[in-house]
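What follows is one structure encoded as structure tokens, with my remarks underneath.
The values are calculated or read from the model by the stated rules, or taken from the named source; none is laboratory data. What you see is a predicted model, and the numbers here were worked out from it, not measured in a lab. As a convention, Cβ positions derive from the backbone with ideal geometry for all residues, glycine included, and neighbour counts pool all protein chains shown.
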Amino acid sequence: MEVGAGGAMQRPWNMRGNNCLGAMGLCLGVLINLHACRQYIPDYDGTYVANSADVQADRTTMNDILSSFKQAEAALKRRDIDGIMKLYSDSYKHQSFDKVALRAVWVKLFEEHHDFSTTHVFTQVRVEAQTAQIRCTGSLWAVSNATNERVNLDSWFGEVHYMVSENGAWHIRGNAWEVRSEKQPQFARPPHPFF
């Protein structure tokens with residue numbers, strides 16, 4: 001105890017105790033926010049063209065490509081396997097996956113998960129005649145039926161979707177890794193088979 005002005009006794013301010021309480025409060029706040037993000041904000045849920053994207057396509061073609069992805073997203077929300085499969089070309093190829101094998105994977109995902117969401121961010125779009133190469137970063141999330149936890153089913157960074165215009169719509173034919181030209185190297189890590 002200290003003697004203050006006018007001779008009154010005063011308790012010294014305990015700086016260490018107040019800092020400790022403040023630090024504990026800050027840590028608790030951070031933990032609550034991290035838990036909330038893990039549970040409720042897994043992705044942006046949609047298809048976007050980055051503001052800085054290198055787009056080499058006319059507006060109509062770009063809108064048609066975006067429409068193909070948005071239709072697949074809507075089908076994903078409805079758990080409509082036929083709607084999702086419309087995104088893929090009949091000549092789809094990814095390693096040992098063709099369109100039939102990929103459909104079986106989607107069916108299994110629908111059996112084991114619910115509340116799907118997906119994000120695609122296009123950073124480069126190059127269209128030549130009836131083909132397009134789209135550099136994309138994104139993710140696929142869902143809630144597991146077994147654990148009721150939100151899980152990341154797939155994520156990708158800078159993957160190149162190889163698309164083809166068939167029957168008036170754009171479809172994924174594979175990844176540039178799978179349908180590369182003679183001059184393009186084959187990378188050691190194969191890309192994801194989904195979007």
Notebook entry, point to check: Do you know which residues across the range 116-155 are buried (at least 18 other Cβ atoms within 10 Å of the Cβ) and free of Cβ contacts under 8 Å to residues at least 40 places away in the same chain?
Noted result: 135, 142
Item checked: Exclusive hit being at pLDDT below 95 and within 16 Å of residue 64 (Cβ to Cβ), set 161, 192 -> 161
Checklist line | Subset of the range 160-173 [in contact (Cβ under 8 Å) with a residue 40 or more places away in the chain and under 18 Å from the mean Cα position of the chain (by Cα)] | finding: 172
Check: Is it the case that residue 105 is over 13 Å from residue 172 (Cβ atoms), part of a helix (DSSP H, G or I), touching a Phe, Trp or Tyr at 6+ places or on another chain (Cβ under 8 Å) and at pLDDT below 95?
Finding: yes
Margin query: Condition (residue is modelled with pLDDT of 75 or more and among the charged types (D, E, K, R)) applied to the range 63-70: is it met by at least one residue?
Written below: yes
Notebook entry, point to check: Mind checking which residues of the range 52-75 are more than 30 Å from residue 112 (Cα to Cα) and part of a helix (DSSP H, G or I)?
Noted result: 59, 60, 61, 62, 63, 64
Note to self: Can you tell me which condition residue 103 does not meet? The list is (1) over 18 Å from residue 166 (Cβ atoms); (2) surrounded by 16 or more Cβ atoms within 10 Å (Cβ to Cβ), and all the others hold.
What the structure shows: (1)
Notebook entry, point to check: Picking from 156, 170, which residue would you name as being among the aromatic types (Phe, Trp, Tyr), farther than 18 Å from residue 129 by Cβ and at pLDDT 50 or above?
Noted result: 156
Item checked: In the range 76-99, residue nearest to the chain's Cα centre (by Cα) [restricted to those that are in a helix (DSSP H, G or I) and without any contact (Cβ under 8 Å) to a residue 12 or more places away in the chain] -> 78
